[in-house]
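Colleague: Encoded as structure tokens, here's the structure I'll be asking about.
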Amino acid sequence: MSNGKKAAIVIIAIVIFVGGYFALNFYQVYFAPNVTENQKYLYIKTGSNYDALIDNLKNKDILNSTSSFATAAGKMNLPAHVKPGRYLLKKGMTNRTLINMIKAGNQEPVKLKFQNIRKKENFAAYLASNLEADSLSFISVLDSTPLISKYGFNQDNVYAMFIPNTYEMYWNTAPVDFFERMYKEYDKFWNADRKQKAASLNLTPAQVYTLASIVDAEALYDKEMPIIAGLYLNRLNKGILLQADPTVIFANDDFTVKRVTNKLLQVQSLYNTYKYAGLPPGPIMMPSINAIDAVLNRDKNNYIYMCAKEDFSGYHNFAETKAEHEVNAKKYREALNKRNIFK
């Protein structure tokens, strides 16, 4: 073989080697699996820059090779396009896929499902555990008179704006944006039919919500809700104190109570419906949609009194007269005493 041919072969070999090296490097930087299974989500906080992102990736052990990611990120101009959010990670995801996802802001939405939450503080804590903002940020919005009054609410009844359901939204949704989204859902829920039914009861939507919160707290079973709603509406229309035990428990801020005693009934609070006539200033919990609709479609009965059944089944005995109610109440008191339930 001539020297010329040998030189050509060497050159070709070098070209193939160098080309293969760069091809392999290109593959490893952009297309090789690089995301581990150590984290399900990548969280990028609002205001985070590229350096903070790299630190996060290292600290959470999200990547097999941070250096290859950094190389790809630089070439793909990620440092200038870091978008906050909650990103779903999949084992074996490539640098290119992850970088494109962050640059485009293709977040995985958070599913918020809320119902039966008692107080605003509990609600704010729930939101903070699922979204980026802390509970104080959500409380500050819920307690912002200029904001909530713009939508027709006050600090007592603002809870009525939140219709219990399952909602999807981004992790980095700001508290004010969350509030505005919830108002849109509220406006959608209170359609013409529901508004007409509320008006026929001489109640505003917020008052329906408040009554529904009492009904929901009283009823263990949904099928009793319309009956209980009818009973409380009868009392309201006749000007009789509601005397709803759940409101007393709420007023005492003690949700461990199993038996409402005379001592608890003495609490000075507008939520104590044994002392103050009409509905309390706001809801005592976040009722279900079934409870709201149970008020709007209440059972037309003549009941004035109710008492838990003495068999502790969760159902109630209903009565139209005081004498009939006293018989039912006596049975229940005796059942409580027999079980040594005094508080």
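The values are calculated or read from the model by the stated rules, or taken from the named source; none is laboratory data. What you see is a predicted model; the values in this text were computed from it and never measured. Heads up: the accessible areas ignore ligands, DNA and RNA and are worked out on the full protein's heavy atoms, side chains in. Shrake-Rupley method; radii C 1.70, N 1.55, O 1.52, S 1.80 Å.
Colleague: Going by Cα centres, the range 247-309 and the range 208-239 are how many Å apart?
Modeller: 9
Colleague: Rounded to the nearest 10 degrees, what's the angle between the helix 120-130 long axis and the longest principal axis of the chain, both from Cα atoms, 0 to 90?
Modeller: Approximately 20 degrees, to the nearest 10.
Colleague: Let me ask something else about it. Can you give me the relative contact order of the range 134-208 as a percent, contacts being Cα pairs under 8 Å and 6 or more apart?
Modeller: 27
Colleague: In degrees between 0 and 90, to the nearest 10, how far off the longest principal axis of the chain does helix 175-189 point, with axes built from Cα atoms?
Modeller: Result, in degrees: 60.
Colleague: Taking the 0 to 90 degree range and rounding to the nearest ten, how far is the long axis of helix 205-218 tilted relative to the main principal axis of the chain, both from C-alpha atoms?
Modeller: 80
Colleague: Out of the total accessible area of the chain (probe 1.4 Å, heavy atoms of protein only), what percent is carbon and sulfur? Working shown, then result.
Modeller: Numbers: 9360 of 18310 Å².
Result for the chain: 51 percent of the exposed heavy-atom area is carbon or sulfur.
Colleague: Hey, what did the range 58-132 get for relative contact order, percent, Cα under 8 Å, at least 6 apart?
Modeller: Result for the range 58-132 is 26 percent.
Colleague: Let me ask something else about it. At 222 nm, what helix-only mean residue ellipticity would the chain give, in deg cm²/dmol to the nearest 500, using -39500 (n - 2.57) for each DSSP H run of four or more?
Modeller: -15500 deg cm²/dmol
Colleague: Can you give me the C-alpha center-to-center distance between the range 38-81 and the range 109-172, rounded to a whole angstrom?
Modeller: The two parts, judged by their Cα centres, are 31 Å apart.
Colleague: What does the accessible area per residue of the range 187-279 come to in Å², with a 1.4 Å probe and no ligands, DNA or RNA counted?
Modeller: On a per-residue basis, 49 Å².
Colleague: Can you tell me the length gained on complete extension of the stretch Lys150 to Glu320, counting 0.36 nm per residue apart and subtracting the Cα distance?
Modeller: Numbers: separation 170, 0.36 × 170 = 61.20 nm, distance 4.25 nm.
Difference between extended and current length: 56.9 nm.
Colleague: Using each residue's phi in the range 34-45, evaluate 6.51 cos²θ - 1.76 cosθ + 1.60 at θ = phi - 60° and report the 3J(HN,Hα) Karplus result to the nearest Hz, with x for Gly and Pro.
Modeller: Result, rounded to whole Hz: 9, 8, 7, 9, 6, 9, 7, 10, 9, 9, 10, 6.
Colleague: Leaving out same-chain residues fewer than 8 places away, which lysines sit with a Cα under 27 Å from that of Lys60?
Modeller: Lys40, Lys45, Lys75, Lys83, Lys90, Lys91, Lys103, Lys111
Colleague: Using only the C-alpha atoms of the chain, find the volume of their convex hull and express it per residue in Å³.
Modeller: 202
Colleague: Return a single number: how many Lys pairs in the range 265-343, at a sequence separation of 8 or more or on separate chains, have alpha-carbon atoms below 18 angstrom apart.
Modeller: Eligible lysine pairs with Cα atoms under 18 Å apart amount to 10.
Colleague: Using modelled amide H (1.01 Å from N, peptide plane; none on Pro or chain starts), what sits under 5 Å from the amide H of Met93, excluding residues fewer than 5 places away?
Modeller: Result for Met93 returns Asn34, Val35.
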